[in-house]
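> My questions will all concern the structure given below.
The values are calculated or read from the model by the stated rules, or taken from the named source; none is laboratory data. Quick caveat: nothing in here was measured; it's all calculated off a predicted structure. We place every Cβ from the backbone using ideal geometry, glycine too, and count neighbours over all the protein chains shown. SASA here: full protein model, heavy atoms, side chains in, ligands and nucleic acids out. Shrake-Rupley method; radii C 1.70, N 1.55, O 1.52, S 1.80 Å.
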Amino acid sequence: MANDLGTTKNTKPEAPAKPARGGGGRFVYQTLKREILELKLAPAEPLDEAALAERFSMSRSPIREALVRLSAEGMVEMLSNRTTLVAPINLMEFPRYVEALDLLQRMTTRLAAQHRTAEDIVEMKSRAAAYDAACLEEDHLAMSATNKDFHMTVARAGKNPYFTASYGRLLDEGRRILHMHFEFTRDSAKGRSLGPEHFTMIDAIERRDVADADRLAHEHTALFHDRFFEFLRAKYQDDFELEL
């Protein structure tokens, strides 16, 4: 079921350009991470070291280095039988994921309203503007990256590194789901971006209004939740055909 969640525009990854000398592992890591986030590599798809070594024209050492790094970020799963898979997307756990995201998003935004500095506000506005620029370009990978950058700026303004680290891992885990959300907002007349809420949240944080910041963070999570389920319903209806 997880493999059916990718967009219909996925294509087989192309052979990449040669990396800079000595940067093989980093180049493979960046390429595979981009393809995983864009769903060009489907959830639960096997990643064979020998095939990847042939594709990138490298030895297995930089390939293994990249896979270990991706595993540490939750992008791939390295099984006990030496098989490596693109991390599955478990829809059964999505409600639990949203619960955790909502809690940490609200907490980090509340703390930012309490502890932010003037420099933090400037950085938040810069990150929110970068997200809006990516939206205008309809660059989904840049959108998910700049969305994370914005929320991590908010989290760091809260001055609690434990919340910040946990929140960052959750945001990384949800980037593929966010990619599907972006597809829906682009293709649906009802869809709308998450962008306008960023500046509204900044306003509450700048005013040091903890209650309003909490409310806006919760509504931001709810919008993400609702849009993803609208995506699922729309995809099911579009793909369903019945011949009599």
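> Could you tell me which residue of region 57-78 is modelled with the lowest pLDDT, considering only residues that are touching a helix residue (DSSP H, G or I) at 6+ places or on another chain (Cβ under 7 Å) and open to solvent by less than 10 Å² (accessible area, probe 1.4 Å)?
Top of the filtered list is M75.
> Which of (1) touching a Ser or Thr at 6+ places or on another chain (Cβ under 9 Å); (2) within 17 Å of L178 (Cα to Cα); (3) at pLDDT below 85 does P16 not meet, given it meets every other one?
(2)
> Now for a separate question. Is region 128-137 home to any residue that is open to solvent by 10 Å² or more (accessible area, probe 1.4 Å) and in contact (Cβ under 8 Å) with a residue 40 or more places away in the chain?
Within region 128-137 (the criterion being open to solvent by 10 Å² or more (accessible area, probe 1.4 Å) and in contact (Cβ under 8 Å) with a residue 40 or more places away in the chain), the answer is yes, since at least one residue qualifies.
> Then there is this: Return the pair list, or none, for Cβ contacts closer than 7 Å from residues in region 80-96 that are within 12 Å of L67 (Cα to Cα) to residues that are aliphatic (A, V, I, L, M) and open to solvent by 100 Å² or more (accessible area, probe 1.4 Å), at least 6 apart or on different chains.
Between residues of region 80-96 that are within 12 Å of L67 (Cα to Cα) and residues that are aliphatic (A, V, I, L, M) and open to solvent by 100 Å² or more (accessible area, probe 1.4 Å), there is no close pair.
> Scan region 111-126 residue by residue and report those that are assigned to a helix (DSSP H, G or I) and surrounded by fewer than 21 Cβ atoms within 10 Å (Cβ to Cβ).
Residues satisfying the conditions are Q114, H115, A118, E119, D120, I121, V122, E123, K125, S126.
> Of all residues in region 144-165, how many are in contact (Cβ under 8 Å) with a residue 24 or more places away in the chain and open to solvent by 40 Å² or more (accessible area, probe 1.4 Å)?
Count: 5.
> Tally time: how many residues in region 25-49 are among the small types (G, A, S) and either open to solvent by 40 Å² or more (accessible area, probe 1.4 Å) or not in a helix (DSSP H, G or I) (or both)?
Number satisfying all stated conditions: 2.
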